[in-house]
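The structure under discussion appears below in the form of structure tokens.
The values are calculated or read from the model by the stated rules, or taken from the named source; none is laboratory data. Please read all numbers here as calculations on a predicted model, not as lab measurements. Cβ placement follows ideal geometry from the backbone for every residue including glycine, while neighbour counts extend to all protein chains displayed.
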Amino acid sequence: MDAIDNKWIGSRTIRPDGADKVTGRAGYSADNAMPGMIWARILRSPHPHANIRSINTAKAAALPGVKAVITAADLVEFPLDKPVMLGIQDMRWMSRNILAREKVLFHGHPVAAVAAISEEIADAACRLIEVEYEVLPHAIEIEDAIAPGAPILHDFIRHEGASSNIASTMVNKLGDIEAGFAAADIIIERSFTTRPVHQGYLEPQACTVSCTADGKVTIWSSSQGQFMVRAMTSLLTGIPQSSIRAIPAEIGGGFGAKTIVYLEPIAVVLSRKTGRPVKMVMNRDEVFRATGPTSGSMSTVKIGAKKDGTIVAAQGTFYIQAGCLPGGPVRGPVGCSFAPYEIANVLSVGYDVVSNRSKVAAYRAPGAPLGAYAAESVIDELAEALKIDPLELRLKNTARKGTKAAYGATFGDVTFKETIEAIKHHPHYSAPLDHAPAEGVRRGRGVASGFWYNAGGESSAQLNITEDGNVTVTTGHPDVGGSRASIANVAAELLGIDHSRVSVLIGDTASIGFSNLTGGSRVTFASAIVVTQSAEKVITQLRERAAKIWKIDPEAVAWANGEAFPAGANAGQFPPLSLKELAAKANEMGGPIGAGTQLTTTGADPGFATHVVDVEVDIELGIVRVLRYTAAQDVGRALHPSYVEGQIQGGVVQGIGWALSEEYLYDKQGRLDNASFLDYRMPVCSDVPMIEPVVLELPNPKHPQGVRGAGEAPLVPPLAAISNAIYDALGKRFYSLPMSPPKVLAVLEG
Amino acid sequence: MTDIRFLTPHTLDEAIGAFAAAQGSARILAGGTDLLVQMRNGVVRPGAIIDIKGIAELTGITEAADGGFFVGAAVSGAALAEHRHFGKAWPGVLEAINLIGSTQVQGRASAGGNLCNGSPAGDSVPAMVAAGAIVIIQGPNGRRQLPVEAFPAGPGRTNLTPGEIVVGFTLPPRPAGSGDAYLRMIPRTEMDIAVVGVGVSLTLANGVVTAARVGLGAVAPTVLLVADAGAALIGSTLDAASVEAAAAACRAACKPIDDKRGTIVYRTKVAGVLLRRTVAIAAERAGGK
Ligand SMILES: Cc1cc2nc3c(=O)[nH]c(=O)nc-3n(C[C@H](O)[C@H](O)[C@H](O)COP(=O)(O)OP(=O)(O)OC[C@H]3O[C@@H](n4cnc5c(N)ncnc54)[C@H](O)[C@@H]3O)c2cc1C
């Protein structure tokens, strides 16, 4: 399908959720209320690590206004020795994460929950719960958790035959790494650290749950997957999925974090016990303290190359924080760090390290940014050492059709090269830059690239023609990044009708077929496929209806511009029948018109991005500001360009925060010390320049509209790009994030 | 669960009467941009709230015949910015107050609240100290006054005695050739808390400094008047050596803590850097170099 022919695909139609969001009408999780509703609050651990000896809830239960008190004993127990997987999540860990069982594993770990007639009474009751702890020594940072003699979090974890906090190891291998390095003319090896960072969504986790006398459960909550909410709640409470209906609320940001549950199973058990609807809303402190950020990391990357710049070997060792239970995003750095390049010999090893902090959750391109930070920084040093332009060095080694990646894929038509060339030829890359524009001020420019897998997976859609001849499309994916707007464009295009006649809705678990998470840069890719197939089925029905009316062969009916018309030998024989006319005749001609598609979609192609950034450093204060940022990415096809640009700009802003100012800080007692947006420093608007997205549209041949996926790749390059730019400005390399003012000053003076 | 009484007195006497009668369970509300946040966090749980914004004296700005100013304790940053003369006389004080929060916060936040909140990082306080502002206080035992630098007693604590309310600030008349400025170091560009804040007020005659005061914030338990820094500048032509001596005095005055917001080493170094930069702006405003 060529962009030129499109009326709606690729146009900036008005977003369907816009008016509600700017007028405050949008119904987020915490906005729901029900008659007879009560409130639940959670008692959280005051220790980062302790065995639970006993929990006495008698006093709390006796407080007037309290309706129920529960502990982990009220949830389904998942024995430690038997994995129960839902996607990538193991219910052994998920259940222990939402309510501690044998021990508490971080400061803020839920221990019990109380439902009462008000939040205040529930809080007061929590304070009456008596928990006897056996306090244990704790380890927060990776180096402490893997040091000899470190406090062991889980007796069941064994690494190399001994008790350990390394929960698992992942290895990607290609060729012969030793032979590769032996053949290299130059080898650069560096070690890096990054800090855990928050996804930065503003909407806190919240839910309202109603369990009625007949055992039926309804859940209102925002998430990145209502089917995930249903499945996890079912597993953790033992209630069959058919008895649970999860209704997705409008979501106020997720970025990966809302691909797991914290509250819903607890609220369900409390509602079942009390017979009352139960509402829970986390406060910001709880969100920071007890939900998952993404991992901090310690990594070492070693790259060997020939004098001409050919990379012959690359080795990466990545220690990734899992938080208190196994399951860090090891696959991100292990698989993505070297994937943009054709390298014959690769050894990439990742370790999943548990420690006494909240269990990590997904964050756009989970783990890939911290791997790319290390790899792309070393490539920058390599380019400098070889006196080759850093983009030329990347071009020389770029993955191409047929390149085998260490993670297993053999690439098809990859478009990494095009993103590098887009930056190379962009005016930004050749714009003059004064490295010392004023006393005490230095400027520099840096580049970096990034890779993300992208994904297909299960999606469902239903496209119905309303009785008045308009269109509703229902999909099963919460819209975090503009999928409703994109899908409306696709449906209007395929049906040939005005965009305003299409409404796109997100179905609950009872009204649409199973659809996997909104995540992995998959939703626009996957839902466009199922919507396209549904639209094609509907068009077939419409042609059949017209054929029946005209008494000609359906093959002789064509569909265009929202009308059926006789074609071929019958061309011009009858006046066209519009969608409205066919809808009006639906009942007499065979019934309601509509079609659905439920599919495991395939054909997702990886995403590549290359970024260039200019920074300015105040060398007396150590403050780094981003002056200019240009981000090139191949998205296949931008169904709705504003949203694609927003994805790229948003990813870059998150990368700027990760690189310069964001980090979780713990005190000596193992408590999070900056659990607020004041001291957890995400960039504000005035901290970032207008980010220029360069959207490349090289259609994915395996997708009906050519979509590749756009949401995650933009967060992969910024960390290294900014670090490389700071080097260009100061002549000093940084090996740890964030590059915050005190750290910058220390490096400048040291 | 807890009932809170909300009082809106229209006279200072009424307010003081109610405040004293509450015996410590009441809180004064000016803009509420600190108080409401602290109540939400459960840090304070007042039994009564006394809103002072209905009291004319506390929300007024008056300019005396000699050019001195009185600024009511509850005047918002936005209201002060709209005053026709204040920002011309005291651009540094105004920029410090206007740095607080965002546009929304500016519609509420007051210099009185900033001072009474007792944070060593309050942005308006170093500028007020540099300006030589005097705090007017009234309580059950009548009216008294204190230099701004003598008002804070420690983080979150002030030298107000029970039942006392801040009425406002007086700022002295400005001689010709005067200028002031305030700069803070924050990692972000907005919506952040000062890691270091420096206020400077200067008077120059024929290129020579005849008066200088320096206020330093966020580097000690309270905002400081750095007398040695002022002394190093007075009599100088703001030559590099004198300014460096003033910067050294600021560094020496620092008694910071190592915390999530900044290290001791960093804060100390930055105090000197900001002093130099703030002096340059104040001097330019004074019409000097
Ligand atoms: C989003 C946001 C951003 C902020 N940014 C900044 C910033 O950049 N810089 C900064 O310094 N601060 C900042 N603050 C803190 C706050 O806005 C300031 O301290 C502000 O000046 C407080 O003034 P207020 O009138 O709102 O005080 P209130 O909250 O009304 O009062 C503060 C305290 O002082 C007491 N009090 C108030 N007036 C009197 C009086 N006349 N007599 C006796 N006691 C009194 C109150 O009881 C209370 O304890 C920010 C706050 C928010 C919410």
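Details
- Just so you know, in the stretch B:104-113 the residues that are within 6 Å of the ligand (Cβ to nearest atom) and surrounded by fewer than 24 Cβ atoms within 10 Å (Cβ to Cβ) include one that is nearest to B:ASP192 (Cα to Cα), and it is B:VAL105.
Residue by residue, here is whether (1) within 14 Å of chain B (Cβ to nearest Cβ); (2) more than 32 Å from the chain's Cα centre (by Cα); (3) charged (D, E, K, R) holds:
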residue	(1), (2), (3)
A:GLY65	yes, yes, no
A:ALA68	no, yes, no
A:PHE78	no, no, no
A:PRO83	no, no, no
A:SER95	no, no, no
A:LYS103	no, no, yes
A:GLY108	no, no, no
A:GLU120	yes, yes, yes
A:CYS126	yes, yes, no
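- Criterion: without any contact (Cβ under 8 Å) to a residue 40 or more places away in the chain, in the same structural domain as B:ARG108 (by TED's automatic domain parsing), surrounded by 14 or more Cβ atoms within 10 Å (Cβ to Cβ) and within 13 Å of the ligand (Cβ to nearest atom) - qualifying residue of B:ALA48, B:ALA26, B:ALA20, B:ALA15: B:ALA26
- For the stretch B:70-103, the set of residues classified as of a type outside the set (Val, Ile, Thr) and near the ligand (Cβ under 8 Å from one of its atoms) consists of B:ALA73, B:ALA74, B:SER76, B:GLY77, B:LEU99, B:GLY101, B:SER102, listed by residue number.
- The number of residues in the stretch A:231-251 being of a type outside the set (A, V, I, L, M), touching a Ser or Thr at 6+ places or on another chain (Cβ under 7 Å) and within 21 Å of A:MET37 (Cβ to Cβ) comes to 3.
- Taken over the stretch B:162-185, residues that are in a loop (DSSP other than H, G, I, E, B) and small (Gly, Ala, Ser) amount to 3.
- Verdict on A:VAL612 being farther than 26 Å from A:LYS702 by Cβ and buried (at least 24 other Cβ atoms within 10 Å of the Cβ): yes
- Of residues in the stretch A:732-750 being part of a helix (DSSP H, G or I) and not charged (D, E, K, R), the one nearest to the other protein chains (Cβ to nearest Cβ): A:PRO742
- Every pair of residues 6+ apart whose Cβ atoms lie under 6 Å, when the first sits in the stretch B:163-192 and is farther than 20 Å from B:VAL219 by Cα while the second is of a type in the set (Ser, Thr, Tyr) and assigned to a strand (DSSP E or B): B:PRO175/B:THR203; B:GLY177/B:THR203; B:SER178/B:THR203; B:ASP180/B:SER201
- Qualifying residue in the stretch B:267-274 (condition: within 11 Å of chain A (Cβ to nearest Cβ), modelled with pLDDT under 95 and either closer than 25 Å to B:ALA89 by Cα or within 16 Å of the ligand (Cβ to nearest atom) (or both)): no
- Considering residues of the stretch A:598-626 that are assigned to a strand (DSSP E or B) and farther than 30 Å from A:ALA399 by Cβ only, the residue farthest from the other protein chains (Cβ to nearest Cβ): A:GLN598
- Filter pass, B:ASP66 being of a type in the set (Asp, Glu), touching a Pro at 6+ places or on another chain (Cβ under 6 Å) and more than 8 Å from the ligand (Cβ to nearest atom): yes
- Here no helices (runs of 4 or more DSSP H) wholly within the stretch B:51-152 include at least 2 residues being within 22 Å of B:ALA212 (Cα to Cα), among the aromatic types (Phe, Trp, Tyr) and in contact (Cβ under 8 Å) with a residue 12 or more places away in the chain.
- Residues (touching a helix residue (DSSP H, G or I) at 6+ places or on another chain (Cβ under 6 Å) and surrounded by fewer than 24 Cβ atoms within 10 Å (Cβ to Cβ)) located in the stretch A:711-737: A:LYS732, A:ARG733, A:PHE734
- Within the stretch B:114-155, being more than 11 Å from the ligand (Cβ to nearest atom), at positive phi and touching a strand residue (DSSP E or B) at 6+ places or on another chain (Cβ under 8 Å) holds for one residue alone: B:GLY132.
- Check on A:ILE88, within 16 Å of A:LEU43 (Cβ to Cβ) and either in contact (Cβ under 8 Å) with a residue 60 or more places away in the chain or in the same structural domain as A:ILE52 (by TED's automatic domain parsing) (or both): no
- Scanning the stretch A:654-673 for residues that are facing another protein chain (nearest Cβ under 9 Å) and either modelled with pLDDT under 95 or surrounded by 20 or more Cβ atoms within 10 Å (Cβ to Cβ) (or both) gives A:LEU660, A:SER661.
- If you go through the stretch A:305-319 and pick out every residue that is crowded, with 24+ Cβ neighbours inside 10 Å and touching a residue at least 60 places away in the same chain (Cβ under 8 Å), you end up with 5.
- Any hit, the stretch A:637-659, residues being assigned to a loop (DSSP other than H, G, I, E, B) and more than 27 Å from the chain's Cα centre (by Cα): no
- Those residues of the stretch B:186-218 which are away from chain A (no Cβ under 14 Å) and over 16 Å from B:MET128 (Cα atoms), in sequence order: B:LEU204, B:ALA205, B:ASN206, B:GLY207, B:VAL208, B:VAL209, B:THR210
- Any chance A:PRO689 is over 30 Å from A:GLU286 (Cα atoms) and assigned to a loop (DSSP other than H, G, I, E, B): yes
- Looking across the stretch B:244-263, the residues that are surrounded by fewer than 15 Cβ atoms within 10 Å (Cβ to Cβ) and part of a helix (DSSP H, G or I) come down to B:GLU244, B:ALA252.
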